1. For the range 53-67, what are the residues that are modelled with pLDDT under 95, under 11 Å from residue 12 (Cβ atoms) and surrounded by fewer than 17 Cβ atoms within 10 Å (Cβ to Cβ)?
2. List every residue pair whose Cβ atoms lie under 8 Å apart, where the two residues are 6 or more positions apart in sequence or sit on different chains, the first residue falls within the range 13-26 and is over 13 Å from residue 51 (Cβ atoms), and the second residue, located anywhere, is among the basic types (Lys, Arg).
3. Within the range 7-14, does at least one residue satisfy the condition of being at pLDDT 95 or above and part of a loop (DSSP other than H, G, I, E, B)?
4. Which one of these is of a type in the set (A, V, I, L, M) and under 13 Å from the mean Cα position of the chain (by Cα): 18, 67, 44?
5. Out of curiosity, is residue 74 farther than 16 Å from residue 12 by Cβ, open to solvent by 30 Å² or more (accessible area, probe 1.4 Å), modelled with pLDDT of 95 or more and among the charged types (D, E, K, R)?
6. What residue, among those in the range 21-50 that are assigned to a loop (DSSP other than H, G, I, E, B) and open to solvent by less than 70 Å² (accessible area, probe 1.4 Å), is farthest from residue 69 (Cα to Cα)?
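The values are calculated or read from the model by the stated rules, or taken from the named source; none is laboratory data. Note that the structure is a prediction, hence the values are computed from the model and not measured. Please note: Cβ atoms are built from the backbone with ideal geometry, for glycine as well, and neighbour counts cover all protein chains shown. Surface accessibility is based on the protein's heavy atoms, side chains included, excluding ligands, DNA and RNA. Shrake-Rupley method; radii C 1.70, N 1.55, O 1.52, S 1.80 Å.
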Amino acid sequence: MATALGDRGYGHLAFLAADVDAVAEELEARGVTLVVPPTSFSDAGRRLIFIQDNNGNYIEFLTPLSAYESNAIEN
């Protein structure tokens with residue numbers, strides 16, 4: 001992961017998603033490899049995944065953990 005971050009302008013691009021687990025499921029169904037599978041970070045208050053594009057750029061999809069609580073989405 002560090003190689004791509006060291007030689008490009010931006011570290012990564014991030015998208016807010018209503019349900020990162022659903023995004024992960026759809027991406028995997030389309031043959032996309034998850035660099036970081038759905039993972040919760042309680043200190044940061046978010047659940048996220050990372051994928052990589054064909055140029056090595058990292059793309060993050062994240063959902064605030066509060067959305068899982070308020071919408072009763074299972075972690």
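1. 53, 56, 57
2. 21/47
3. no
4. So the residue among 18, 67, 44 that is of a type in the set (A, V, I, L, M) and under 13 Å from the mean Cα position of the chain (by Cα) is 18.
5. Numbers: farther than 16 Å from residue 12 by Cβ: yes; open to solvent by 30 Å² or more (accessible area, probe 1.4 Å): yes; modelled with pLDDT of 95 or more: no; among the charged types (D, E, K, R): yes.
So residue 74 does not fit the description; no.
6. Top of the filtered list is 31.
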